[in-house]
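Below is one structure, written out as structure tokens, with a few remarks after it.
Please treat every number below as a calculation from the coordinates, not as lab data. Everything quoted here is computed from the prediction, not taken from an experiment. A quick note on method: Cβ atoms are made from the backbone with ideal geometry, for glycine too, and the neighbour counts reach across all protein chains shown.
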Amino acid sequence: MLTLRRLDQVISKTILGIALLTTNLTVSADNLQDPFRVKANVVQQGDTFLITASYQSPLNQCQAYHFLTDYEAAKKVPGVIDSKATRHSDHKVLVERWAEEKILFFTIKLHTLIEYTEYPMKGTEFVQIKGDSKRFTGHWSILPNSSGTQIKYEGLLEPDSHLPMFILKYFIQNNLEDRFRFMAKMAADAQQLESACR
């Protein structure tokens with residue numbers, strides 16, 4: 001039987017885990033008020049969640065690709081303590097991340113290991129090797145357009161939790177928007193990527 005303290009810890013760990021795992025992008029808002037045209041959606045399918053998101057970036061295709069594959073930049077995201085990338089081949093990278101966040105009265109610490117497969121100038125695919133979810137996979141896509149690029153995200157998450165799915169969905173949906181909006185702003189501010197694409 002879950003105690004109230006344990007329930008709070010499970011909720012907090014699940015929320016932070018989702019934010020940590022998705023730290024590479026997106027969210028929704030009215031296009032007139034949101035220059036990034038950020039959109040995000042969470043659909044529950046049994047014990048899993050399908051998370052889709054997209055946003056508009058001023059970056060060109062090359063800059064957007066370098067932004068997506070700058071795995072260590074995740075350290076700039078609130079709550080992420082460290083993010084270390086180890087290249088295993090030309091197009092395979094293992095990314096290890098540590099995060100800590102205070103939620104209510106609890107400090108939650110997380111650690112995850114994700115393998116990325118890179119498709120130059122097109123995007124990435126990823127799969128969680130170990131971490132706080134039963135399953136977490138997905139991909140990022142880069143779509144050039146007249147305003148720069150649209151960056152699209154799609155992920156499948158199966159949490160490792162005993163909480164009711166409607167509670168998890170509520171926390172996933174509400175936390176995604178802030179995290180993805182932050183990532184969209186990071187992409188817009190990524191002027192240093194100019195030199196990587198010459």
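Brief remarks follow.
- Length available on full extension from GLU154 to ASP47: 0.36 nm per residue minus the Cα-Cα distance, which gives 36.8 nm.
- Extension gain, ASP90-LYS130: 0.36 nm per intervening residue step, less the Cα-Cα distance, totals 12.2 nm.
- Using R0 = 45 Å, the C-beta based FRET efficiency linking GLU100 and LYS122 works out to 0.85.
- Förster-model FRET efficiency, 25 Å R0, ASP82 and ASN145, C-beta, rounded to 0.05: 0.15
- Sum of side-chain charges, LYS84 neighbourhood, beta-carbon under 9 Å (Lys, Arg +1; Asp, Glu -1): -2
- The residues packed around TYR55, meaning those with a beta-carbon under 9 Å from its beta-carbon, carry a net charge of +3 if Lys and Arg are +1 and Asp and Glu are -1.
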